[in-house]
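First the structure, in the form of structure tokens, and then the observations on it.
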Amino acid sequence: MTSADDLEARARAHVIELREREGYPADPASVDAVLAARSPYGWITVAEHEAREVRRATLVAVVEAVEDYGLDVPDAFAGVAYSMAAGDGVHAGFTGDVTVHEAALRGRVPDPSVLTVFPARWSFAELERLPRTLRKDDDLRAAGLTVRSAEVDVRANALVVTPRDDLPDRAAVERLLADRYAGAVRLSPPAGAGCSSG
């Protein structure tokens with residue numbers, strides 16, 4: 001049977017893990033406050049949850065404004081993504097003169113302080129067309145690449161491809177992709193290799 005002390009230690013460790021992962025203070029006083037409040041959210045206080053929801057609504061509103069602007073400049077728009085992590089926010093990519101797009105967006109978004117505009121080599125539309133091209137690439141098929149899924153990673157400004165099967169020579173496929181698609185296409189990490197996105 002598990003003792004009350006063991007249960008409390010597990011709860012404390014769980015709260016610390018979640019708070020660290022989500023960018024919230026995980027010092028003893030903050031963790032004690034969460035545990036003492038018996039928050040219905042488990043790892044954050046009610047006040048923190050409410051602030052998180054306000055932040056999420058702000059980020060979504062900025063994303064929607066950027067997407068609307070992107071419709072006006074589809075050949076330059078490289079996509080938009082957001083992160084709730086502390087110190088992060090909305091990231092929008094554009095080809096060409098980024099300063100022009102950034103200036104235009106600053107007047108359109110509800111909170112410019114959460115927006116980062118970055119230079120991109122390929123537009124979102126170009127990256128979205130690549131799966132059809134890859135499926136027709138005889139050299140990639142000969143190297144063993146059959147595409148199971150493909151997803152645009154906005155912050156990496158690349159199409160991330162997951163192979164249907166294990167590749168006989170992953171390095172050869174990666175070289176072929178680099179030579180043929182100049183960094184626009186990446187393979188997803190092998191199963192079990194762990195993953196982090198840009």
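How would 90, 46, 31 line up from fewest to most surrounding beta-carbon atoms within 10 angstrom?
Values: 90 24, 46 11, 31 19.
Placing the least packed residue first, the sequence is 46, 31, 90.
Compute the distance from the alpha-carbon center of the range 96-169 to that of the range 6-77, in whole Å.
27 Å
At a threshold of 8 angstrom on Cα-Cα distance, excluding pairs fewer than six apart, so keeping six or more, what relative contact order does the range 12-79 reach in percent? Don't skip to the end; give the middle numbers.
Numbers: 33 pairs, mean separation 13.3, N = 68.
RCO, the range 12-79: 20 percent.
At 0.36 nm per residue, and after removing the present C-alpha to C-alpha distance, how many nm does the segment from residue 108 to residue 52 gain when stretched out fully? Let's see the in-between values first.
Details: separation 56, 0.36 × 56 = 20.16 nm, distance 2.28 nm.
Contour length minus the Cα-Cα distance gives 17.9 nm.
Roughly what % of Cα-Cα distances in the range 1-121 sit above 24 Å, to the whole percent? Mind dumping the intermediate values first?
On the way: 3226 of 7260 pairs.
Taking all Cα-Cα pairs of the range 1-121, the fraction more than 24 Å apart is 44 percent.
Would you work out the relative contact order for the chain, in percent, from Cα pairs under 8 angstrom that are 6 or more residues apart? Walk me through the numbers on the way to the answer.
Details: 265 pairs, mean separation 26.6, N = 198.
That works out to 13 percent.
Calculated from DSSP H runs of 4 or more alone, at -39500 (n - 2.57) each and per residue, what is the 222 nm mean residue ellipticity of the chain, nearest 500? Before the final figure, lay out each step's value.
Numbers: 7 runs with 94 residues, N = 198.
It comes out at -15000 deg cm²/dmol, rounded to the nearest 500.
Given that compact globular proteins tend to follow 2.2 N^0.38 Å, what is the ratio of the alpha-carbon Rg of the range 124-187 to that value?
Details: Rg = 10.7 Å, N = 64, 2.2 N^0.38 = 10.7 Å.
So the Cα radius of gyration is 1.00 times the expected 2.2 N^0.38 Å.
In whole percent, what relative contact order does the range 50-119 give with Cα contacts below 8 Å and a gap of six or more residues?
Here the relative contact order equals 33 percent.
Can you tell me which of 169-179, 4-14, 62-72 comes out highest on packing, and rank the rest after it, using the mean Cβ neighbours within 10 Å?
On the way: 169-179: 14.3, 4-14: 11.1, 62-72: 16.8.
Going by the mean number of other Cβ atoms within 10 Å, highest first, we get 62-72, 169-179, 4-14.
Which of 140, 18, 159 moves most in a GNM of the chain, Cα contacts under 10 Å?
Result: 18 has the largest fluctuation of those listed.
Every number in this text was worked out from the coordinates using simple rules, so none of it is lab data. Quick caveat: nothing in here was measured; it's all calculated off a predicted structure. Counting neighbours? That spans all protein chains shown, and the Cβs are built from the backbone with ideal geometry, glycine included.
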